[in-house]
Amino acid sequence: MSELLSFAQLGVRHILDVEALDHVLFLVALAAIYRFRDLRDVLWVVTAFTVGHSITLALAVTGAIHLPSSLVEFLIPVTIVVTGIENVLVSDRTRAPWGGRYRPVFAGVFGLVHGAGFATYLQALFVERVAVPLLGFNLGIEAGQLVVLAAAAMALALVDAGLLASRLTTARWPALRLRTVAVSLVVVAVASQWAVERTPW
């Protein structure tokens, strides 16, 4: 098996592992406001997140930057909490700053933090050559993220269907808004506990 493929498989396993649940929860928080018809918006956000974490991953793994792992592990759940709160506070994205089109920037900046988290894991796995392991691992992470997002999309669609069937929706609280708030509050509660547990001071 080639080195590239080996590290790609490692990346997939890492993002789908229970140890990477914080990264998965961040993807769920990002996806919580979208529906299937919002695919273009989702792609912009996911691409920005990918660019962000790829930059930091490359810089950290090559030794260009050194970030304390305790600080990174604390900041990751903070990014989840902020994303969840933003989901709850912004009820009408057309009235949000820049028509809500700031989300890719938001995801890209937070991706920088998550990339540092990936780097902590990856640095221990190779000694000399960087390019191939880095590329393979990144490709694996992306493949894993697509699996997570596909599963999240199906789960969120089922939640929407359940809300519609339950007749809990109103003109003010349509299924999408109810689902966004409910999922985001759960995400914020879980990530807040992680942030407290990981406080580096």
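Checking Val24, Val12 one by one, the residue that is over 22 Å from Ser192 (Cα atoms) and among the β-branched types (Val, Ile, Thr) is Val12 and no other. Among the residues of segment 117-153, the one identified as among the charged types (D, E, K, R) and either under 19 Å from the mean Cα position of the chain (by Cα) or modelled with pLDDT of 85 or more (or both) is Glu142. In segment 167-187, the residues that are over 20 Å from Ala31 (Cβ atoms) never reach a residue that is acidic (Asp, Glu) and surrounded by fewer than 18 Cβ atoms within 10 Å (Cβ to Cβ) with C-beta atoms less than 8 angstrom apart, at least six apart or across chains. The single condition from (1) assigned to a helix (DSSP H, G or I); (2) closer than 21 Å to Leu178 by Cβ; (3) at pLDDT below 85 that Glu19 fails is (2). Within segment 141-163, being within 17 Å of Val186 (Cβ to Cβ) and of a type in the set (D, E, K, R) holds for one residue alone: Asp160.
With respect to being assigned to a helix (DSSP H, G or I), closer than 17 Å to Phe118 by Cβ, modelled with pLDDT of 85 or more and within 15 Å of the chain's Cα centre (by Cα), Val42 falls outside the description.
Got a sec? Which of Val72, Val82 is at pLDDT 90 or above, under 24 Å from Ala195 (Cβ atoms) and surrounded by fewer than 20 Cβ atoms within 10 Å (Cβ to Cβ)? Selected residue: Val82, the only one of Val72, Val82 that is at pLDDT 90 or above, under 24 Å from Ala195 (Cβ atoms) and surrounded by fewer than 20 Cβ atoms within 10 Å (Cβ to Cβ). Number of residues in segment 160-180 that are buried (at least 17 other Cβ atoms within 10 Å of the Cβ) and in a helix (DSSP H, G or I): the value is 8.
The values are calculated or read from the model by the stated rules, or taken from the named source; none is laboratory data. The model shown is predicted, which means the values in this text are computed figures rather than measured ones. Backbone-built Cβ (ideal geometry, glycine too); neighbour counts: all protein chains shown.
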